[in-house]
Amino acid sequence: MLNSTLLIIALLLPANAFAEVLDFPILSTNKGNIYRSTNLQSQLEKEYNFSVANGTVLLVETPSFKNTKYIKQNNTLVSWGHEVENSQLIFIISCNESEYKHGYHTAVNVAKKMNPKNKFRVRFLSINGRVRYESRKPLNQSEIKKILNKIR
């Protein structure tokens with residue numbers, strides 16, 4: 001009886017109810033600020049005075065900036081330009097070898113804790129740190145837009 005009740009409860013919960021929540025510090029090269037992945041929404045709204053409630057974090061984890069998958073993913077993000085601002089997509093780069101020099105990133109020690117296997121990975125997070133989607137391959141703009149439409 002208990003097993004069937006637990007199964008019914010599990011089936012009724014949304015799929016993302018079991019999603020991992022990542023709680024890590026985020027650095028900003030522009031202002032030197034430190035944010036937290038679990039309360040990024042409130043921090044950004046307070047700082048910039050506009051809502052990012054529909055925002056999504058694109059966390060790019062890489063063993064090195066020379067990694068071919070990272071280079072391909074970075075080229076996609078750079079080519080996107082200012083259009084990305086309209087989609088409220090926030091990029092965070094996490095490298096196990098050195099810190100990213102532009103925008104939002106993690107410290108090397110944080111990157112190593114999150115990515116101990118030293119692999120390339122792209123993760124979509126809610127604006128409060130919940131993992132919504134994960135890929136081990138670089139994603140093009142079309143794929144990113146499709147994923148955003150599914151998880152929002």
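Bear in mind these aren't lab numbers, they're just calculated from the coordinates by the rules spelled out. As the structure is a computational prediction, the values presented were derived from the model and not from experiment. Using ideal geometry, Cβ is built from the backbone for each residue, glycine included, and neighbour counts are taken over all protein chains shown.
Here are the numbers for the structure shown:
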{"quantity": "Contour minus Cα-Cα distance for ASN30 and LYS66 (0.36 nm per residue)", "calculated": "10.6 nm"}
{"quantity": "Matching label, Rg/Rh (Cα atoms, Kirkwood Rh) computed from the structure shown, candidates [x] 1.19; [y] 0.94; [z] 1.01", "calculated": "[z]"}
{"quantity": "The chain, relative contact order [Cα under 8 Å, separation at least 6], %", "calculated": "28 percent"}
{"quantity": "Environment charge at PRO138 (Cβ cut-off 10 Å; Lys +1, Arg +1, Asp -1, Glu -1)", "calculated": "+3"}
{"quantity": "At R0 = 25 Å, FRET efficiency that the Cβ-Cβ distance of ALA107 and GLU83 yields, to 0.05", "calculated": "0.30"}
{"quantity": "Burial ranking of peptide ranges 58-70, 19-31 (average Cβ count within 10 Å, highest at the top)", "calculated": "58-70, 19-31"}
{"quantity": "Under 13 Å, Cβ to Cβ, from LYS112 - net charge with Lys/Arg +1 and Asp/Glu -1", "calculated": "0"}
{"quantity": "Rounded FRET efficiency, nearest 0.05, which uses the C-beta distance separating PHE50 from LYS119 and R0 of 25 Å", "calculated": "0.10"}
{"quantity": "Net dipole in debye of the chain [+1 Lys, Arg Cβ; -1 Asp, Glu Cβ; about Cα centre; nearest 20]", "calculated": "480 debye"}
{"quantity": "Cβ-defined net charge surrounding LEU27, 12 Å radius [Lys, Arg +1; Asp, Glu -1]", "calculated": "+2"}
{"quantity": "Contact order relative to length of region 82-152, as percent, for alpha carbon pairs under 8 angstrom and 6 or more apart", "calculated": "17 percent"}
{"quantity": "Exposure proxy order (Cβ contacts within 10 Å, fewest to most) of HIS105, HIS82", "calculated": "HIS82, HIS105"}
{"quantity": "Beta bridges per DSSP with both ends in region 18-151, % antiparallel, nearest 5", "calculated": "65 percent"}
{"quantity": "Helix axis angle, 2-12 relative to the chain longest principal axis, alpha carbon, degrees", "calculated": "50 degrees"}
{"quantity": "Over 27 Å between alpha carbons, listed pairs LYS46/LYS137; LYS46/LYS69; LYS31/LYS112; LYS46/LYS101", "calculated": "LYS46/LYS137; LYS46/LYS69"}
